[in-house]
1. Using the 10 angstrom Cβ neighbour count as an exposure proxy, how do E118, E134, E149 rank, fewest first?
2. Multiply the residue separation of A44 and N185 by 0.36 nm, subtract the distance between their alpha-carbon atoms, and state the gained length in nm to one decimal.
3. What number, in percent, do you get for the relative contact order of the chain if the mean sequence gap of Cα pairs under 8 Å and at least 6 apart is divided by its residue count?
4. Would you report the distance distribution of C-alpha pairs in region 161-208 as whole percents per 5 angstrom bin, up to the bin with the largest distance?
5. Output the relative contact order of region 1-110, whole-number percent, from Cα pairs under 8 angstrom with separation of 6+ residues.
6. Using a Förster distance of 30 Å, how high is the FRET efficiency between R114 and A69, based on the Cβ-Cβ distance and rounded to 0.05?
7. So for each of 167-176, 137-146 I average, over its residues, the number of other beta carbons within 10 Å; can you give me the resulting order with the highest mean first?
8. With charges set only on the Cβ (+1 for Lys and Arg, -1 for Asp and Glu), what does the dipole of region 65-214 come to about its Cα centre, in debye to the nearest 20?
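All of the numbers you see were taken from the coordinates with simple rules; none came from a lab. As the structure is a computational prediction, the values presented were derived from the model and not from experiment. Virtual Cβ from ideal backbone geometry, glycine too; neighbours counted across all protein chains shown.
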Amino acid sequence: MDIGADEAGKGPVLGPMVAAAVRVRVPGVTLPDGIDDSKRLSPARRADMADRLRDDPAVDIGVATVEPARIDAPETDMNGMTVAAQAEAIRAVAVDDDAVTVDAGDVDADRFGRRVREAIGATVTVRAEHRADERYPHVAAASVVAKVERDTRVEALAERYGEVGSGYPSDERTRTFLAEYVRDNGELPPCARRSWATCDDVLAAAEQSSLSEF
C-alpha cells in the first residue's frame, strides 16, 4: 500500500515541528475529494479534511512531534530532525513492502529519501521529491494532518500565554510576544526555539534596553 509523509513547522521560532504519515490500508479506497497541499487550503478546509481522514476506518495516520528542546540540542540539525520525525510517523503505520512517498526536506531529495528509509527500519521503498505534497494525494493528506496538528499546538500556546501569533519569525505578533515575555520574566518561554536567531535578537534587545536604563 501507499504511504505519504510530510511535516509542518520547520521554520517557526515557537512550538514544535510536526510530521505526519497517511496510509490507506484498504485497496480501492480513495482519499477525500479536494485534498491538496495544506498551504493551498483555508484553515477551516484543512481542519475538515483532517477530521475526515482521522474518522475514516480505512486510513491509518501516524504523527510525530519534535519539541523545541530537542530542536535546540547541539548535536541536532533540522534536516536530521526532519528525517527522524518523518520516519517516526511512517513507522507508526508502515507494513513491510509498502511504498512510501515523502516530501523532501533536503536540497538533495535522493539523499533525504535514503536517510528516511534507513531510519524507518521496515522493508519499504521510499521515494522523496521536492513539492511532493503538490503532486501526490497521500502526501498532501499528510501535509494537512501535520499542519492541523501544528496549528492545534500553537492554539494551545495562545490559550496559555495569550496572543503568540503564528510562531514564525516574520510575524510581528510573535516577536512582540517574545519581547514582552523576556521583559516580564527575564528569560525566553519554554515554547521558544532558543537556537533561532530571532531569540538571539530578542535577548540582545532586552539586554540593550536594560543597559539604557542606567
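1. Lowest to highest Cβ neighbour count: E118, E134, E149.
2. Taking A44 through N185 to full extension adds about 47.3 nm, to one decimal.
3. Relative contact order for the chain comes out at 29 percent.
4. Values per bin, smallest distances first: 5, 24, 38, 27, 6, 0.
5. 40
6. 0.60
7. By packing density, highest mean first, the sequence is 137-146, 167-176.
8. 320
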